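**Q** Here it is, the structure, as structure tokens.
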Amino acid sequence: MKIFILTKKSIFFISFIVLTILIIFTLYLVFKTDNVFAVELTYNSIVSSNLNEKITKLTSGKEKKAYFTFDDGPNATITPKVLDILKEENVKATFFVIGKNVEEHPEIVKRAYEEGHYIANHSYDHHNNSLYKNEESFIKQIKMTDEAIGKAIEKKDYCSYVFRFPNGYMSSQNKEKKKKARELLEEMNYSYIDWNCLNNDSMKKYTSTQLLENLKKCAKNKDTLVILMHDTKDVSNSSLVLKDSIRYFKEKGYKFENFYDLVE
Ligand SMILES: [Zn+2]
């Protein structure tokens, strides 16, 4: 009888241990998948033609989706603040980084990547004169930037597949040169994207309240938003209104995505 009781106790104990291990393992998997990307981007990934089509149609989408994009970083002061807020609010964004800034702060790019943000290409030096000097210089800037990103995130042959023209493709500067560059991008299997919503932080003159108002105004009556902000110090500080901006869109029922959701 005594043995039976002991066995019963033992079974209960073993079940308890097994259950605990299962729970811990499940939690580990849940936590782990948060940091694993569906697509590891390299030059050999087969995502480009599909991606191009999706990006072209993106802003005409009828779903309430917001793609937060941050240009011109990484910056030692602003980018970590932006990353902290994105983490707190559980929002995955896209960073259009400048190659030479990546070389200065690779650890920030690594953090952004590991926290699930898409790292995209915004040229090596952001200077139109050197970027559009000739075909070779344009191609070189794209490659140097992706190389810098790859080095920072420890991924060999990293390819970002998404480029944003400095000042945007739609701006009136360098129209003809950008048209040619667009053809080069196509040959290299890259897509490019501008934005359809911004808070005008690059105007350098807005208070936080005004930035938020600018954003709300710009987003009015739009379903899919590609939002432009900057994570640099020489503009109005978007990081101060980022939390409120995210919460505004959350209240309005927007889902937050980044370009990983397009390449999956
Ligand atoms: Zn820029």
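**Q** Could you state the angle between the C-alpha long axis of helix 208-219 and the longest principal axis of the C-alpha atoms of the chain, as a value from 0 to 90 degrees rounded to the nearest 10?
**A** Helix 208-219 sits roughly 90 degrees off the main axis of the chain.
**Q** Shifting gears a bit: Using only Cα atoms, find the angle between the long axis of helix 135-153 and the longest principal axis of the chain, and express it within 0 to 90 degrees, rounded to the nearest 10.
**A** Compared with the principal axis, the helix lies near 20 degrees.
**Q** When the label point is put 7 Å from the Cα of Thr207 along its Cα-to-beta-carbon vector, which residues of segment 229-247 have a backbone N closer than 19 Å?
**A** Residues passing the 19 Å test: 235-245.
**Q** Against the longest principal axis of the chain, how steep is helix 48-57, in degrees 0 to 90 to the nearest 10, with axes from Cα atoms?
**A** 70
**Q** Now for a different question. When the accessible area of segment 82-174 is computed with all protein chains present and a 1.4 Å probe, what percentage of it is carbon and sulfur?
**A** Details: 1840 of 3910 Å².
Carbon and sulfur together cover 47 percent of it.
**Q** Evaluate 2.2 N^0.38 Å with N set to the residue count of the chain, then give the Cα radius of gyration divided by it.
**A** Numbers: Rg = 22.4 Å, N = 264, 2.2 N^0.38 = 18.3 Å.
Dividing the Cα Rg of the chain by 2.2 N^0.38 Å gives 1.22.
**Q** Also, quick follow-up: Mind ordering 181-188, 63-70 by average Cβ neighbours within 10 Å, highest first? List each step's numbers first, then the result.
**A** Numbers: 181-188: 15.5, 63-70: 21.9.
Result, highest mean Cβ count within 10 Å first: 63-70, 181-188.
**Q** Another question, then. Please arrange Asp234, Asp261, Asp72 by accessible surface area, largest first, computed with a 1.4 Å probe and ligands excluded.
**A** Working: Asp234 100, Asp261 60, Asp72 30 Å².
My answer, sorted largest first, is Asp234, Asp261, Asp72.
**Q** With an 8 Å Cα cut-off and a minimum separation of 6 or more residues, compute the relative contact order for segment 203-264 in percent.
**A** Once normalised by length, the contact order is 41 percent.
**Q** If I stretch the segment between Glu88 and Glu114 completely, what's the gain in nm (0.36 nm per residue apart, minus their alpha carbon distance), one decimal? Kindly include the intermediate steps, with their values, before the conclusion.
**A** Details: separation 26, 0.36 × 26 = 9.36 nm, distance 1.50 nm.
The span from Glu88 to Glu114 would gain 7.9 nm if fully extended.
**Q** State, to one decimal in nm, how far the label point of Asp261 lies from the label point of Lys222, with both points 7 Å from Cα in the Cβ direction.
**A** It is 1.5 nm.
**Q** For the chain, what does the relative contact order come out to in percent, with C-alpha contacts under 8 Å and a separation of six or more?
**A** Numbers: 423 pairs, mean separation 73.7, N = 264.
Worked out over the chain, it gives 28 percent.
**Q** Can you tell which of Asp201, Asp146, Asp244 shows the greatest fluctuation in a Gaussian network model of the chain with Cα springs below 10 Å?
**A** Per the Cα network of the chain with a 10 Å cutoff, Asp244 tops the list.
**Q** On the full set of protein chains, 1.4 Å probe, figure out the accessible area of Met144 and give it in Å² to the nearest 10.
**A** Ignoring ligands and nucleic acids, Met144 comes out at about 60 Å².
**Q** Provide the solvent-accessible area of Ser171, counting protein heavy atoms only and rolling a 1.4 Å probe, rounded to the nearest 10 Å².
**A** In the full protein context, Ser171 sits at about 20 Å².
**Q** Let me ask something else. Could you tell me the accessible area of His127 in Å² (1.4 Å probe, neighbours in place), rounded to the nearest ten?
**A** 110
**Q** I would also like to ask the following. Could you tell me the center-to-center distance, by alpha carbons, between segment 44-118 and segment 125-171 in angstrom?
**A** About 15 Å separates the Cα centre of segment 44-118 from the one of segment 125-171.
**Q** Return one whole number: the accessible area per residue of the chain in Å², for a 1.4 Å probe.
**A** 55
The values are calculated or read from the model by the stated rules, or taken from the named source; none is laboratory data. Remember, predicted model here, so these are calculated numbers, not experimental data. Virtual Cβ from ideal backbone geometry, glycine too; neighbours counted across all protein chains shown. Side chains are part of the model used for accessible areas, which takes the heavy atoms of the whole protein and leaves out ligands, DNA and RNA. Shrake-Rupley method; radii C 1.70, N 1.55, O 1.52, S 1.80 Å.
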